[in-house]
Amino acid sequence: MTFNKHIANHIRDIPKSGIREFFDIVAQEKEVISLGVGEPDFDTPWHIREAAIYSLEHGRTHYTSNLGLPELRASICKYVQKHFHVGYDPRTEVIITVGVSEAIDLALRAVLNPGDEVLYHEPCYVSYSPSVVMAHGKAVAVPTRAEDQFRLTAEALAAHITPRSKVLMLNFPCNPTGATQTRAELEKIARLCIDHDLIVLTDEIYSELTYDNAEHVSIASLPGMRERCVFLHGFSKAFAMTGWRIGYACAPGWLTDAMMKIHQYAILCANTTSQDAAIEALEHGAHGVDSMRREYEHRRNYIVRAFNDLGLSCHKPVGAFYIFPNISSTGLTSREFSLGLLEKKKVACVPGPAFGASGEGFVRCCYATSLDQIKVAMDRIGEFVAESKK
Amino acid sequence: MDPLIALLRQNARTSTADLARELNLSESEVLDRLAKLESDGVILGYQAVVDSQKVSGSIVTAVVEVKITPERGGGFDRLAERIAKFSEVQSCYLMSGGYDLLVILEGANLQEIATFIAEKLSTIKGVISTATRFRLKTYKENGVSLTREIKAERLAVTP
């Protein structure tokens with residue numbers, strides 16, 4: 001007997017996560033070197049963990065205000081002003097959430113009417129399209145291309161805008177491609193958003209992990225954009241705090257108010273211990289971020305060169321901690337490559353199509369793994385590529 | 001800090017090939033820069049970080065706070081350099097605060113260090129006083145923690 005008829009149609013129709021499926025396959029193997037993770041290998045810096053212990057020791061175990069601790073909101077506004085050059089009012093324009101994932105859900109539910117179209121660049125983070133569907137919107141993927149280093153171009157975006165377009169979701173630096181946007185390209189995109197009255201959700205979770213001294217530009221900082229942007233950020237990547245589930249959204253008061261309506265009933269408030277830890281991260285965490293970034297940058301240099309040396313072309317991403325090499329020269333599909341590599345060489349990476357159809361021909365490899373592990377993984381990938389060409 | 005130095009401070013045995021890949025340089029560029037750092041006296045040596053409690057033939061370590069009389073013209077330098085010459089002295093620093101030199105000594109046993117301080121260090125003209133403290137246990141050495149933390153598990157595949 002199946003109860004599927006009791007499941008809401010729009011939830012039933014969401015396809016199973018490609019990443020979840022692959023996780024189940026990897027979980028059956030032993031002694032795997034994984035380049036399949038989406039989180040830092042560093043544990044949260046000790047001073048941040050210690051601040052959480054202090055918070056618990058002092059009995060800070062109660063609800064906070066719905067929007068989040070006022071001190072944390074003040075710290076966030078200071079941080080966003082300093083690093084992203086956008087000013088927000090800590091009393092009315094910031095909401096502390098359970099990771100950026102919750103913030104995306106709040107923002108989409110707050111603005112979408114059924115059938116409204118949400119544009120997003122693809123390959124992209126796995127939750128974007130389902131989140132849109134769960135909010136009764138229509139997800140519209142805008143493919144990006146390896147020859148553009150997976151940047152979103154204004155031309156590609158313009159070609160997908162319709163009268164029903166309401167929201168644009170951006171994620172730069174990008175998971176899974178590591179792509180970043182230049183100021184010039186963002187300005188063209190901003191112009192389109194203003195012309196077509198789009199709301200922009202800009203997920204900048206990887207912004208601290210920008211390499212080669214490149215400038216990270218937030219679209220929210222461009223003229224005319226603050227009023228139509230939801231700036232999304234959190235602590236997971238830069239401060240190695242994935243398990244703390246803590247993020248935030250900054251948006252104009254009218255939009256924060258609407259998001260708040262959902263947050264207060266669905267979540268009430270973000271975890272108090274995590275909020276206290278987050279204050280410590282923002283106030284004293286810069287040094288730790290810098291040293292982790294340097295480490296990632298060295299690994300990126302290593303792994304990009306190693307892939308290109310194997311004849312698998314791979315652009316050198318300027319952000320995040322992923323590379324997205326093209327594996328089509330092996331004659332295998334992304335899935336065949338990932339399964340074969342796992343089965344024969346015990347190295348896990350994620351097939352590109354898990355991040356959208358335009359990811360075919362690519363795999364995502366995460367270099368948030370020790371360099372020693374990366375070296376062994378690259379040796380094994382080299383063997384695998386040589387054997388598949390025979 | 002020079003990223004090359006930062007990498008070597010983490011692991012001095014990293015091969016030049018790996019250093020080149022990590023720093024996006026050629027191997028010959030890495031070798032040239034290493035040679036220059038060594039000849040300029042920036043890199044003074046390459047040593048293993050050892051848990052001395054596990055080394056057979058135990059080593060005793062003491063820190064000695066030394067007060068000395070500065071000299072006209074040379075300040076503390078001449079005396080400090082003289083003290084540093086002894087092979088028992090592992091490190092020697094001029095300090096701010098209540099004493100002048102912090103001297104770290106290594107010896108085969110307590111007696112050897114006591115003898116060195118009584119017969120050599122304290123008898124040098126210009127040394128006013130010494131205060132000696134012996135190391136009992138090491139928790140962290142050169143940035144390396146000796147208590148092995150169990151690495152928290154990560155899921156193998158995550159979004």
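Are any residues in region B:41-75 over 19 Å from the mean Cα position of the chain (by Cα), part of a loop (DSSP other than H, G, I, E, B) and either of a type in the set (D, E, K, R) or not assigned by TED's automatic domain parsing to the domain that holds B:T132 (or both), and if so, which ones?
Hit for region B:41-75 is B:R72, nothing else.
If I filter region B:141-159 down to residues being in a loop (DSSP other than H, G, I, E, B) and of a type in the set (D, E, K, R), which single residue comes out as farthest from A:P176 (Cα to Cα)?
By that ranking, first place goes to B:R148.
Of all the residues that make up region B:86-101, how many are part of a loop (DSSP other than H, G, I, E, B) and either closer than 15 Å to B:T123 by Cβ or of a type in the set (V, I, T) (or both)?
2
Looking at A:N301, A:N308, which one is within 14 Å of another protein chain (Cβ to nearest Cβ), part of a helix (DSSP H, G or I), without any contact (Cβ under 8 Å) to a residue 60 or more places away in the chain and surrounded by fewer than 17 Cβ atoms within 10 Å (Cβ to Cβ)?
Only one candidate passes the filter, namely A:N308.
Exactly one of (1) surrounded by fewer than 20 Cβ atoms within 10 Å (Cβ to Cβ); (2) away from chain B (no Cβ under 14 Å); (3) of a type outside the set (A, V, I, L, M, F, W, C); (4) assigned to a helix (DSSP H, G or I) is unmet by A:D24. Its number?
(2)
For region A:102-111, indicate whether the set of residues that are within 14 Å of chain B (Cβ to nearest Cβ), under 15 Å from A:L232 (Cα atoms) and under 18 Å from the mean Cα position of the chain (by Cα) is non-empty.
Yes - at least one qualifying residue is present in region A:102-111.
Within region A:188-244, how many residues turn out to be without any contact (Cβ under 8 Å) to a residue 12 or more places away in the chain and in contact with a strand residue (DSSP E or B) (Cβ under 7 Å, 6 or more places away or on another chain)?
Total meeting the criteria: 0.
Does A:Y54 count as among the aromatic types (F, W, Y), assigned to a loop (DSSP other than H, G, I, E, B) and surrounded by fewer than 15 Cβ atoms within 10 Å (Cβ to Cβ)?
Against the criterion (among the aromatic types (F, W, Y), assigned to a loop (DSSP other than H, G, I, E, B) and surrounded by fewer than 15 Cβ atoms within 10 Å (Cβ to Cβ)), A:Y54 does not qualify.
Filter region B:42-88 down to residues that are of a type in the set (G, A, S) and buried (at least 16 other Cβ atoms within 10 Å of the Cβ), then give me how many there are.
Total meeting the criteria: 2.
Between a first residue in region B:105-121 that is more than 17 Å from B:V63 (Cβ to Cβ) and a second residue that is at pLDDT 95 or above and crowded, with 19+ Cβ neighbours inside 10 Å, which pairs have beta carbons less than 9 Å apart while being 6 or more apart in sequence or on different chains?
none
Identify all residues within region B:126-140 that are in a strand (DSSP E or B), closer than 27 Å to B:Q53 by Cα and either facing chain A (nearest Cβ under 10 Å) or touching a residue at least 60 places away in the same chain (Cβ under 8 Å) (or both); write none if there are none.
B:T130, B:A131, B:T132, B:R133, B:F134
Please verify whether A:R293 is within 14 Å of chain B (Cβ to nearest Cβ) and either among the hydroxyl-bearing types (S, T, Y) or out of contact with any strand residue (DSSP E or B) (no Cβ under 9 Å at 6 or more places or on another chain) (or both), treating the condition exactly as stated.
Against the criterion (within 14 Å of chain B (Cβ to nearest Cβ) and either among the hydroxyl-bearing types (S, T, Y) or out of contact with any strand residue (DSSP E or B) (no Cβ under 9 Å at 6 or more places or on another chain) (or both)), A:R293 does not qualify.
Test of understanding: among A:R60, A:R73, A:R109, which residue is in contact (Cβ under 8 Å) with a residue 12 or more places away in the chain and not in a helix (DSSP H, G or I)?
A:R60
If we scan region A:327-346, do we find a residue that is hydroxyl-bearing (S, T, Y) and within 13 Å of chain B (Cβ to nearest Cβ)?
Yes.
The values are calculated or read from the model by the stated rules, or taken from the named source; none is laboratory data. What you are looking at is a predicted structure, and each value in this text was computed from that prediction instead of being measured. So basically every Cβ, Gly included, is an ideal-geometry build from the backbone, and we count neighbours across all protein chains shown.
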